[in-house]
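Here's the structure we're looking at; comments come further down.
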Amino acid sequence: MSPFRTPRRLFLQTIMLVSITGLSLIANPSLAQPLIEVWKSPTCGCCNDWIKHLKENGFQVRAIDKGNSAIRKEWGMPLKYGSCHTAKIDGYVIEGHVPAKEIKRLLKEKPAALGLSVPEMPIGTPGMDGPEYGGQLDPYNVLLIRRDGSASVYQAYKESRPPKK
Ligand SMILES: [Cu+2]
């Protein structure tokens, strides 16, 4: 055994690593977000851009490239609220380009609901905001979907902006 690999040294290294991880979680609570599983088609570019947005906001993401139609149905998210990807976090279903901000709020408030949806794919939502859209913003609502299929506005994004020519 190398003299530098004594059990004591290993023990101290472990303690240090654990405290550094702990401290960074205290300093940046966004690092502590739970895992979100995202069901999408393997070729969905805007889904990948949304995943990037989630990771930038501290979420751990597991992508499942099997499409989202079957899982959306299985999890009870009505088709009328459907979009390009369906995700699950902490027992909630997240449909479409929902901002990380509302997901964090959902996990904090824990309402009795199925989850959140941004139906279809409004331009300007996270993942639908790349350079190809020229800064365009469409107004949209983040909907809170109840288990009976009813919906209410959880957050309204009213800003709108035409694309730059
Ligand atoms: Cu999309």
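Residue by residue through the stretch 54-71, note down the ones that are within 16 Å of Ser117 (Cβ to Cβ) and within 16 Å of the chain's Cα centre (by Cα).
Selection gives Leu54, Asn68.
Any idea how many residues of the stretch 113-138 are part of a loop (DSSP other than H, G, I, E, B), buried (at least 23 other Cβ atoms within 10 Å of the Cβ) and on the phi > 0 side of the Ramachandran plot?
Selection size over the stretch 113-138: 1.
Looking for whichever is over 22 Å from Ile123 (Cα atoms) and within 16 Å of the ligand (Cβ to nearest atom) here; the options are Asp65, Asp49. Which one fits?
Asp65
Being over 20 Å from Arg72 (Cα atoms), in contact (Cβ under 8 Å) with a residue 12 or more places away in the chain and not assigned by TED's automatic domain parsing to the domain that holds Gly76 narrows it down to one residue among Pro139, Pro163; which is it?
That would be Pro163, the only listed residue that is over 20 Å from Arg72 (Cα atoms), in contact (Cβ under 8 Å) with a residue 12 or more places away in the chain and not assigned by TED's automatic domain parsing to the domain that holds Gly76.
The values are calculated or read from the model by the stated rules, or taken from the named source; none is laboratory data. Since we're looking at a predicted model, the values are computed, not measured. No Cβ is skipped: glycine too gets one built from the backbone with ideal geometry, and neighbour counts run over all protein chains shown.
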